[in-house]
Amino acid sequence: MSGSKYIILYLRGVYKPYQILSVYLSNIKLWNFRKFGSDSEIELDKPNLDLNLTKGLNVIIGENDSGKTAIIDAIKLVLKTHSYDYIRVDDKDFFKEASRFRIELTFEDLIPEEAKNFTEWLSWNGTGENVKPFLKLNYDVKRQAKKIFPTDVKAGVDDDGYLLTAEAKEYLKATYLKPLRDAENELIAKRNSRLSQILLGDEAFKGKEQDNELLQIFSGLKDELEKYFNDVDIAGQPKAGKQIKDKIDGYIQSFYGNDYETEFGATSNDIKSILEKLALSLKGETNPGLGTLNRLFMATELLHLNKLNWSGLRLGLVEELEAHLHPQAQMQVIEALQKQETIQLILTTHSPNLASKLKLENLIICNNVNAFPMGEAYTKLGSDSYKFLEKFLDTTKANLFFAKGVILVEGWAEEILIPSIAKSIGINLTEKGISIVNIGHTGFDHYAKIYLRTKEPDMEIPVAVITDCDIREYKKDLKVDDDGKPIKNDKGKNQYDYIKIDVDKGTEEAITDITSKSEKNIKYFSAPKWTLEYSLFKSVSLTSLFQKVVKDSVHKGTDWETDFEKALAEKLINKGLDKTKIAYEMANAVDEDLKKFENGEIDAKSIIISEKDEDTINYLVKAIKYATGN
């Protein structure tokens, strides 16, 4: 076992070596394959996709048609699968009109037991005692006039490599679960069933075709069948089985003669045929649903991936892991898969539920014909941000991984109001694929830097960060009498006055500090006045609506008539303003006005959002336009 990594499992007094994951797919490069291509000739030092993978769990996410399936299919084309899926090159695999595509896969961390399978094709990294083997495969396919030329997988350190033998390829096959998989069909008894293939590869059956307890069980079936189809009752009358046999015998004798009779028997008593007669179900579930069957199927495939005494690749490819699983089941499954230490998994998903449960370093985001691993080595997030996001990246916030653009906001007020403002200026955020993420505080770096890379290529998802400048325009001043003593109200509490102060310079500096955080595709948009609510009050286009909502339906017990601005400042300073209710009422009013206009009930919109720079809500308009590419 020199050089091996083993865990010893003790099961009822029996121990067996259980090998932990060593060799794994560390990198995939693509040239002119599907979406990942260019109009120029292939340059081997400039792949169209150069994606590093982690040793354990890799989950590829992104919007539809972003390249997730192309990555899985490229791996399948090179490695093929244990379930003998029909996989062939098609014209659609070539980028546009390209006459050639190429796939390269690199495998690292081979231990001696694994490396011996590929001795002729290994390459080496490092020097001296630190030298380590790696295996590089390439699959280079050409076509001319729509005719695709036959080719095969090669391996070696140089660009061409040498053909792999059939035996070597067997050690590199992957396990694949297709999207919308028919789990029930995979688990029923039938010829070459997937269940029988998995069981045949298990230690309990592999190499024991002639010496297995199942053979003994089925060997007695012949005698039982013969008895059933020849049995008579006490009176000598044939029982049900013999009645059937006698009828068939009558027909046979009419065809051949009276000396002929039939015999029932159990055919093919070899272990493969026996296993093909087995079906797998969940105990106690009489009619299991698709979700149950899907989990059962995945559990069976894990048995295959974790089989003992296997020195080949342990790689599972699963498309749309969430297929037929409700949100809670999705989370249970992904939690279990994250604990797998003996296999490498590459999954695709459209589920924010799964994304929210994953560690960020396990995610790969497909965007703009590229794929971006989210590990600490690739993003500008610090280790503290990874710990933070592991706790706070819930399902709502995980939507940002599937968006074409992202708007990060501080709280509910912005999240509620921004979609209505966008619609009013002719932009539908849902149609544009924009996610508004309410982070509930001002720690935007924890989220924004997800999209900033340590090196090229950069991500191009536009991220707009909307925040308050938080420079107060009023100060809270203690009221005192002529002797300098605090003036009390009738409840014995100190009274305060609210005095307007000159903050133009401070506000300007604060806004400059905020917007200076903008970097590459991340842009900050600051409220020009104190907070969102104060900016709404100062807005040329929305001040009337804001004041009406505040007076009519939010804070009726407050004196808004004497000095509205001062009353608003008091509420903001003392955190007594119902910001969510105000945003909700304003959004409803904007939506209703737009609906009446579109239905022809009014000739012109009553609530017109100004897009001029001097309007204090223009920062919201600019953020919306940036995130949507307008």
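Average 1/r across all pairs of distinct alpha carbons in the chain, invert it, and you get the Kirkwood radius: 30.3 Å. Between A299 and Y378, residue separation times 0.36 nm minus the direct Cα-Cα distance comes to 25.2 nm. Projected onto its three principal axes, the C-alpha set of region 383-628 covers 68, 54, 33 Å, listed from the longest axis down. Cβ-Cβ distance of E285 and S544, R₀ of 56 Å, FRET efficiency by 1/(1 + (r/R0)^6): the value works out to about 0.35. Taking 1.002 mPa s as the viscosity and 20 °C as the temperature, the Stokes-Einstein diffusion coefficient of region 374-424 based on its alpha-carbon Kirkwood radius rounds to 164 µm²/s. Taking the Cα atoms only, what angle lies between the long axis of helix 412-424 and the longest principal axis of the chain, rounded to 10 degrees? Rounded to the nearest ten degrees, it is 90.
With all pairs of different C-alpha atoms in the average, the Kirkwood value for the hydrodynamic radius of region 98-204 is 17.0 Å. Can you tell me the orientation of helix 579-598 relative to the chain, as the angle in degrees between its alpha-carbon axis and the longest Cα principal axis, to the nearest 10? So the inclination is approximately 80 degrees. Annotation for K387 and D458: the two label points, set 7 Å from Cα along the Cα-Cβ direction, are 3.0 nm apart. Taking other C-beta atoms within 10 angstrom as a stand-in for reagent exposure, Y474, Y86, Y626, Y534 fall in the order Y86, Y626, Y474, Y534, fewest first. Given their separation in residues at 0.36 nm each and the Cα-Cα distance between them, I87 and V480 gain 133.0 nm when the chain is fully extended.
Rounded to the nearest 20 debye, the dipole size of the chain about its Cα centre is 440 debye, using +1 on the Cβ of Lys and Arg and -1 on the Cβ of Asp and Glu. Angle, helix 383-392 long axis vs. longest principal axis of the chain, Cα atoms, 0 to 90°, nearest 10? That works out to roughly 80 degrees.
I'd like to compare 495-503, 436-444: which one has the highest average count of other Cβ atoms within 10 Å, and what's the full order after that?
436-444, 495-503
The H on the amide N of Y176, modeled in the peptide plane, is under 5 Å from the matching H of H82, S83, L317, each at least 5 residues off or on a different chain. Mean projected area of the Cα convex hull of region 194-276, taken over all directions, amounts to 7.7 nm².
FYI, it's all coordinate maths here, none of it is from the lab. Bear in mind the structure is a predicted one, so any value in this text is a computation, not a measurement. Positions of Cβ are generated from backbone atoms using ideal geometry, with glycine treated the same way; all protein chains shown enter the neighbour counts.
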